[in-house]
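In what follows, a single structure is set out as C-alpha cells and then discussed.
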Amino acid sequence: MTWLLVATPIALFLLGFPVYIVLLAASTLAVLLVMNVPPLVIHQAMYGGIENYGLLAVPFFIFAGELMTRCGVSHRLVVWSQALLGALRGNLGLTTICTSTLMGAISGSSPATVAATGKALYGELLKDGYKRPFALGLIASSGSVAIVIPPSIAMILYGASAEQSVPKLFIAGIIPGLIISLAMAVYVLWWVRRAGLENGLDSGLNRPSQGAKAWLAKLGRTSLYASGALAMPVVVLSGIYLGLFSPTEAGGIACFYAIILARFFYRSLTWAQILDAASEAALLTGQILIILACAAVFSWLLTVQGVPQSLVAWIAEAKLSPTAFLLAINLLLLVLGCLIDPTSAILVLTPILLPMVTQLGIDPIHFGIIMTVNLSIGMFTPPFGLHLFVAQSVMQADLTQLYRGIWGFFLVQSLALLMITYLPGLSLWLIGS
C-alpha cells in the first residue's frame, strides 16, 4: 500500500500532471485496488479537508491583494521607500527590497510582488548602473519575503493543516521576515560598494546628500501620498493582534478597505475592474481549495497506513537530535520548494512532518515559520521556481542571466534561514513562547 502512495505520485509528477490530480489519482488507486473501504470515503475526506472556518480568510486576502496590486499601490510604495532611504548609497536597490516587503504586507502574494516591483523598478535599476543579472536576481528574490511577512496565505494554510493559531503565526513571521529583508539589504550595500570600486558605476549610486529638513519634508509629502497603502497592513494586523476581529474577519475588512481605497480615494479602478479582480481571486481560491481537498484524502490514507507513526518511530530509534532533524528538513524543503508551489508543499507535508516535530519537542509555530521561509526561497530557485518565470515574463529577461543573478541572494537568504531555524527566539519572542 505504502509503495503505491509513493510510486504513483512520483510517476505522475514526472509526467507533468497537476498536483491535485497527482494526489487524487494516487489516493483513488489505493482505495479501489488495495483498501477494503467504500469509495465514498474519498468524497468524505475531500469535503472534510476544506471544512475549516479558518480557510474563509484565504479568498478574502487573495481578493484584497488583487485589488491593491491593480490600483497602483506599487508606484506609491516606491516613491515613499525612496524618500525614506534618502541619499543613502545604493538607494534604488534598497528601495526594491523595501517595496517588496511592503507589497508583501499588503498583498500576501509573492508572484504579484515580483511582477509589480519588476514593472516599477527594473528599468530604473539598469539606468542607475546595476548590472542586468544582479537587477533580475534582486527583483526575483526580494519578492519571496511576501510569503513570510504577515498577512501570509501560506501561514493561514499551515495553521489550518497543523491546527495552530493563525494570529500567532502572523506575529511569529514579523521578525524572520525583517531579518530576510535586512540580510538582502546588507548584500545589496556590499555589492554596490564593490561594483562602484571596480567598475565605476553611474553617478546615480552616488547621490548628493540632502539636509535633514529637506529629507523630512519630502518624507512627509510621500507619506501622505502613500498613506492609504501604508495604512492597510496596520489596520488589518493591529485589529487581529488587539483581538478586535479574527483573521477571517480581517480578510473581509481588508477587502472592504481595498475597494474603498481603489474606487473612491485613488479612483484607479472601475466597478467592472473590481469585479474582474474578484473573478481572478475566485479562480485562485478554487485552485488552492482543490489542492487542499485532494491533499486531505492523501494525508488520511497516509495516516491510516501508519506512515507518520512509522516515521516517528524511526526517528526515535535513530535518536536524531532536533538539530540534525531540522537540517535534514531544511535540505528537503529547499529541494521541494523549487519543484512544487508552497501551497501544495504545505498541504501535503504538514500532516506528515508535524508528528515528528512534536516528537522532538520542536514548537509547531516555530516549525511553521521554518517551513514557510524554506518554501519562500524555493520560489526563486532554479529550475522551476515560480518567480523565475514571472520575472522572465514581466521583464523579458534571459533565463541564463536570471539564473546567474539569483545565487548570491539564494546564499544570503539561506544564511538567514539557518539563523531563523536554530534561534527559535526570533520567531517566538513576540508571542511570548
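Per-residue Karplus couplings for segment 24-39, computed as 6.51 cos²θ - 1.76 cosθ + 1.60 with θ equal to phi - 60°, are listed in order as 5, 5, 4, 5, 5, 4, 5, 5, 6, 9, 10, 7, 9, 9, x, x Hz, Gly and Pro entered as x.
Take the Cα of residue 212, step 7 Å toward its Cβ, do the same at residue 352, and the gap between the two points is 5.7 nm. Using a Förster radius of 35 Å, what is the FRET efficiency between residue 227 and residue 328 based on their Cβ-Cβ separation? Nearest 0.05, please. Calculated transfer efficiency: 0.15.
The angle between the Cα long axis of helix 110-127 and the main principal axis of the chain comes to about 30°, on a 0 to 90 degree scale. Spherically averaged projected area of the convex hull of Cα atoms, the chain: 22.0 nm². According to the Kirkwood relation over distinct C-alpha pairs, the hydrodynamic radius of segment 241-395 is 18.6 Å. Summarising the amide proton neighbourhood of residue 268: residues at separation of 5 or more, or on other chains, whose placed amide H is nearer than 5 Å comprise an empty set. Against the chain, whose longest principal axis comes from its Cα atoms, helix 40-50 is set at around 30 degrees.
Modelled this way, with points 7 Å down the Cα-to-C-beta line, the labels at residue 10 and residue 304 are 2.3 nm from one another. When all alpha carbon pairs of segment 294-386 are counted in 5 Å bins from zero, the resulting P(r) reads 3, 14, 23, 22, 21, 12, 4, 0 %. I want to verify a result. In a Gaussian network model of the chain, Cα cutoff 10 Å, which of these has the top mean-square fluctuation: 319, 131, 119? Among 319, 131, 119, the largest mean-square fluctuation in the Gaussian network model of the chain belongs to 319. Ordering 8, 151, 368 by Cα displacement along the dipole of the chain toward the positive end leaves 151 in first place; charges were set at the Cβ atoms of Lys, Arg (+1) and Asp, Glu (-1).
Taking only Cα atoms, what is the 0 to 90° angle, nearest 10, from helix 91-107's long axis to the longest principal axis of the chain? The angle comes out at about 40 degrees. The mean of 1/r over all pairs of different alpha-carbon atoms in segment 231-281, once inverted, gives a Kirkwood hydrodynamic radius of 11.7 Å. Taking other C-beta atoms within 10 Å as the exposure proxy, 75, 366, 387 rank 75, 366, 387 from fewest upward.
In order along segment 248-261, the phi-based Karplus estimate (6.51 cos²θ - 1.76 cosθ + 1.60, θ = phi - 60°) of 3J(HN,Hα) comes to 5, 5, 4, x, x, 5, 4, 5, 4, 4, 5, 5, 4, 5 Hz; Gly and Pro are listed as x. Secondary-structure-derived ellipticity at 222 nm for the chain, considering helices only, amounts to -25500 deg cm²/dmol, per-run term -39500 (n - 2.57) for DSSP H runs with n ≥ 4.
Since every read-out is calculated from the coordinates, none of them should be taken as a lab result. Keep in mind that this is a model prediction, so the values were computed, not measured. All Cβ positions, even for glycine, are placed from backbone atoms using ideal geometry, and neighbour counts span all protein chains on display.
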